[in-house]
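Structure, as structure tokens:
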Amino acid sequence: MTSLLALFVGALAVAAALRLFVTSNPATMAEALRRAAPVALLAFGVVFLAGGRVATGGPMVAVALAWIGVQRRNAQTRSRPHVSIVRSAALEMQLDLETGEMSGVVLAGPQTGKPLSRFGKEELLALRRDLASDRDSLELLEAYLDRRFAGWRDDEDAATLDGERGAPGSGPVSEQEAYQILGLEAGASAADIRKAHRRLMQRVHPDVGGSAFLAQRINEAKDILLGRHG
């Protein structure tokens, strides 16, 4: 009886595969087969368990469940937006590694919790003047202004705050912050660290109109994480 059930399940799987082969393009077929393989293995395992063949069905079910779990984790990783996060005393800035879009939120002062997207140009310039003594926050805000209002420096004398800027206040980047800056999960490989660094520098390097401050933080993050691998 167990053999008949196994044959029946196998026949259904073959029929489904043949139909997929006929109706799908190669990429779609490969993805569907990748997803279906652990499910088919699980089905076979359940059939053997139902027939009392625990020694055969048990390992098949265990392997299939582990396989499905890996696929789900990989899918979550692929669907998770890759975002670089840089913080200062007054601002948190996020850079989408896929689109290059920048967003931010105020972390201190009367506007705490307000997204920068809700500020108009004049409000952002006023915030810039308020942050004159906080060099890190000022650098982040100016990078955001450059992305959102490309010509803002023509209307606002960017040099007016040079004499008021505070001394460089960038403290050492922690390991957790380094992962966030590079948009990586903890434990990322050295190859992933280098890849994320190159990808970010292509977007924020001063030579391509980016921010020297962001480039500095990204370099620091790379050095700290690669030092862990050394």
| said: Here is a list: ALA143, ALA108, ALA132. Which entry is part of a loop (DSSP other than H, G, I, E, B) and either in contact with a Gly (Cβ under 9 Å, 6 or more places away or on another chain) or touching a residue at least 40 places away in the same chain (Cβ under 8 Å) (or both)? | reply: ALA132
| field | Residue check for ARG165: among the basic types (Lys, Arg), modelled with pLDDT under 90 and assigned to a loop (DSSP other than H, G, I, E, B) | value | yes
| Among the residues of the range 121-132, is any more than 16 Å from PHE149 (Cα to Cα), at pLDDT 85 or above and not aliphatic (A, V, I, L, M)? | yes
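Would you check which residues across the range 111-125 are part of a helix (DSSP H, G or I), free of Cβ contacts under 8 Å to residues at least 24 places away in the same chain and surrounded by 13 or more Cβ atoms within 10 Å (Cβ to Cβ) and list them? Write out each step before concluding.
Start the filter on the range 111-125 by keeping residues that are part of a helix (DSSP H, G or I), which leaves 116-118, 121-125.
Going one step further and asking which of them are free of Cβ contacts under 8 Å to residues at least 24 places away in the same chain, we end up with 117-118, 122-123.
Of everything in the range 111-125, just one residue is part of a helix (DSSP H, G or I), free of Cβ contacts under 8 Å to residues at least 24 places away in the same chain and surrounded by 13 or more Cβ atoms within 10 Å (Cβ to Cβ), namely GLU123.
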| When the range 176-204 is examined, which residues are found to be out of contact with any Lys or Arg (no Cβ under 9 Å at 6 or more places or on another chain), in a loop (DSSP other than H, G, I, E, B) and crowded, with 16+ Cβ neighbours inside 10 Å? | LEU184, ALA188
| query | Could you give every pair whose Cβ atoms fall below 8 Å, whose first residue belongs to the range 175-195 and is at negative phi and without any contact (Cβ under 8 Å) to a residue 40 or more places away in the chain, and whose second residue is among the polar types (S, T, N, Q) and part of a helix (DSSP H, G or I), counting only separations of at least 6 or pairs across chains? | reply | ALA186/GLN176
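The values are calculated or read from the model by the stated rules, or taken from the named source; none is laboratory data. All values derive from a computational prediction rather than experimental measurement. As a convention, Cβ positions derive from the backbone with ideal geometry for all residues, glycine included, and neighbour counts pool all protein chains shown.
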